[in-house]
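Inspection log for the structure reproduced underneath, given as structure tokens.
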Amino acid sequence: MLEIRRSARLPLWYALAAAVLILDQFTKASVVHSFEYGDSLFISSYFNLVRAHNSGAAFSFLSDAGGWQRWAFSGLAASVSIVLVVWIARLSRAQWLECMALALILGGALGNLWDRLILGYVIDFLDFHWAGRHFPAFNVADSAITCGAILLIFDAWRSGGGEQTDDHKQT
């Protein structure tokens, strides 16, 4: 049975996830409003704004798989989102960094899930490049997922790997 920890500040963490989702969707809507598919705007010698569509996963993995990947990645994102909601609810107040990391990942997962379900692809628009080589375009949701994953790794390292320190013990 799910044990919800009242001290975990659930509204704060779910609000952070919602803020990521809203910012992600707002920026994507702005790009769709301002750019045609494939358009690019030079910003600096290492950064462009673009409008790209990704029907695959990270780095366009399986983007040309024939359509089934839309539903597979949507199902995966929905499942992961449910796990994250429960995971956050089970953490204690002392585990604030883990909660923050999971909330960022949750918001990003929901942002990209929304695109997949509504559009059939994810809108990417941040294009970093150096010496003629382009990193795959990404978006706010991808950035939040990446930041959340880095925070999770840092939190695990900070707390001594898998061992729970006094401030990370679940009560």
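Every read-out reported here was derived from the displayed coordinates using simple, explicitly stated rules and does not represent laboratory data. Please read all numbers here as calculations on a predicted model, not as lab measurements. Don't worry about glycine lacking a Cβ; one is built from the backbone with ideal geometry, like all the others, and counts go over all protein chains shown.
Structure notes:
- Full extension of the chain between A156 and D39 gives 38.0 nm of extra length, using 0.36 nm per residue less the Cα-Cα distance.
- Note, ³J(HN,Hα) from phi for the range 103-119, Karplus 6.51, -1.76, 1.60, rounded to Hz, x at Gly and Pro: 5, 4, 5, 4, x, x, 4, 5, x, 6, 4, 4, 4, 4, 5, 7, 9
- Less than 5 angstrom separates the built amide H of D39 from those of R51, all sequence-distant by 5 or more or on a different chain.
- Each residue of the range 13-22 is assigned a 3J(HN,Hα), and the resulting list reads 6, 5, 5, 4, 4, 5, 5, 4, 4, 5 Hz, derived from the Karplus form 6.51 cos²θ - 1.76 cosθ + 1.60 (θ = phi - 60°), x at Gly and Pro.
- Evaluating 6.51 cos²θ - 1.76 cosθ + 1.60 at θ = phi - 60° for every residue in the range 40-53, the Karplus couplings come out as 9, 10, 5, 10, 8, 5, 10, 9, 10, 9, 9, 10, 10, 10 Hz, glycine and proline recorded as x.
- FRET efficiency, 1/(1 + (r/R0)^6) with R0 30 Å, evaluated for W87 and H53 via beta carbons: 0.45
- Evaluated at q = 0.24 Å⁻¹, the base-10 log of the normalised Debye intensity for the range 74-119, with identical point scatterers placed on the Cα atoms, takes the values -0.78.
- Cα gyration tensor, the range 75-156 - rounded (a/c under 1.5), prolate or oblate: oblate
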